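Here is the structure we will look at, set down as structure tokens.
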Amino acid sequence: DQQVKQNSPSLSVQEGRISILNCDYTNSMFDYFLWYKKYPAEGPTFLISISSIKDKNEDGRFTVFLNKSAKHLSLHIVPSQPGDSAVYFCAATPNFGNEKLTFGTGTRLTIIP
Amino acid sequence: DTAVSQTPKYLVTQMGNDKSIKCEQNLGHDTMYWYKQDSKKFLKIMFSYNNKELIINETVPNRFSPKSPDKAHLNLHINSLELGDSAVYFCASSQGAGRTSDTQYFGPGTRLTVL
């Protein structure tokens with residue numbers, strides 16, 4: 001039962017353009033969402049998060065958008081840089097108690113110089 | 001200084017063996033986790049400990065036993081290894097009592113291969 005889905009296993013974007021990574025979820029109890037970035041041979045690192053009381057959160061070049069009615073979130077990176085090439089994981093959790101994160105399977109982003 | 005470290009980085013072993021993976025964090029965090037990333041790239045939580053006490057225990061075989069000698073360490077011992085245990089195991093830690101808003105910091109992973 002895959003409650004968090006990242007349907008694009010890979011994405012290639014030209015340097016300087018916008019990268020858009022998508023994530024869908026099925027569990028209506030989820031209301032806190034995170035994006036993690038992972039380089040080869042390293043563990044995931046936290047990138048940005050959003051609570052369901054917001055529909056947008058921005059941090060520098062990274063913006064996460066949440067559409068709760070569609071159970072969809074997206075991560076925008078603009079402008080994309082070569083160092084952004086990595087695997088991006090979407091994660092979700094109910095925002096109460098000691099709840100575990102449920103991760104998607106990741107999208108491999110490649111930035112083309 | 002590595003914030004969350006795991007040893008070994010690679011582990012190749014035969015079916016039926018018993019092995020341990022060690023994790024240490026020097027961030028002063030109260031909560032530590034073990035995750036498993038299988039061949040389909042699903043990253044799933046297995047356990048979490050807060051101040052040496054178990055707070056999340058997912059449905060994993062009881063061949064897997066976490067041990068937390070102190071809040072900076074969370075080791076994972078696996079008995080009678082099976083082929084399906086082959087995966088990358090990630091340790092993570094977070095400040096506080098494992099609240100969802102606490103950022104989790106991950107180790108580099110241990111790639112376990114069972115032959």
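The values are calculated or read from the model by the stated rules, or taken from the named source; none is laboratory data. Given the structure is predicted, the values throughout are model-derived calculations rather than measurements. Heads up, the Cβs are rebuilt from the backbone with ideal geometry, glycines too, and the neighbour counts pull from every protein chain shown. The area values use the complete protein model at the heavy-atom level, side chains included, leaving out ligands, DNA and RNA. Shrake-Rupley method; radii C 1.70, N 1.55, O 1.52, S 1.80 Å.
Computed from backbone phi with θ = phi - 60° and the Karplus coefficients 6.51, -1.76 and 1.60, the 3J(HN,Hα) list for the range A:10-16 is 8, 8, 10, 9, 6, 4, x Hz; x is used for glycine and proline. About the centre of its Cα atoms, the range A:35-113 shows a dipole size close to 160 debye [charges on the beta carbon of Lys, Arg (+1) and Asp, Glu (-1) only; nearest 20 debye].
Placing +1 on the Cβ of every Lys and Arg and -1 on the Cβ of every Asp and Glu, with no other charges, gives chain B a dipole of roughly 240 debye about its Cα centre. Within a straight-line Cα-Cα reach of under 12 Å, B:Lys9 can be paired with the following aspartates and glutamates, leaving aside sequence neighbours fewer than 8 residues apart in one chain: A:Glu42. Over the range A:7-82, all Cα pairs binned in 5 Å intervals from 0 give whole-percent P(r) values of 3, 14, 25, 25, 20, 10, 4, 0, listed from short to long.
Could you give me D for the range B:4-97, from Stokes-Einstein at 37 °C and 0.692 mPa s, where the hydrodynamic radius is the Kirkwood radius over C-alpha pairs? Units µm² s⁻¹, please.
Here the translational diffusion coefficient equals 244 µm²/s.
Within the listed set A:Ile18, A:Ile53, A:Ile77, the residue fluctuating most in the Gaussian network model of chain A (springs between alpha-carbon atoms under 10 angstrom) is A:Ile53.
Under 23 Å of direct C-alpha separation, and excluding same-chain neighbours fewer than eight residues apart, A:Lys5 reaches these lysines: A:Lys37, A:Lys38, A:Lys54, A:Lys56, A:Lys68, A:Lys71, A:Lys100, B:Lys36, B:Lys40, B:Lys41, B:Lys44.
Taken along its three principal axes, the alpha carbon spread of the protein assembly as shown comes to 49, 37, 37 Å, from the longest extent down to the shortest.
List the relative contact order of the range A:4-112 as a percent without decimals, with contacts defined as Cα pairs under 8 Å and 6+ residues apart. Dividing the mean separation by the residue count of the range A:4-112 yields 38 percent. Annotation: for a label point projected 7 angstrom from Cα along Cα→Cβ of B:Asn62, residues of the range B:16-40 with backbone N closer than 19 Å are B:18-19.
Test of the criteria: in the range B:20-92, which trypsin sites (Lys or Arg not before Pro) are in a DSSP loop and have at most 15 other Cβ atoms within 10 angstrom of their Cβ? Answer in residue order: B:Lys40, B:Lys52, B:Arg63. Using Cα pairs closer than 8 Å and at least 6 residues apart in sequence, work out the relative contact order for chain B, in percent. Over chain B, the number comes to 37 percent.
Compare A:Asp55, B:Asp30 by solvent-accessible area with a 1.4 Å probe and give them largest first, with all protein chains kept in place.
My answer, sorted largest first, is A:Asp55, B:Asp30.
Label separation (B:Leu54 vs A:His76): 4.6 nm, computed from points 7 Å beyond Cα along the C-beta direction.
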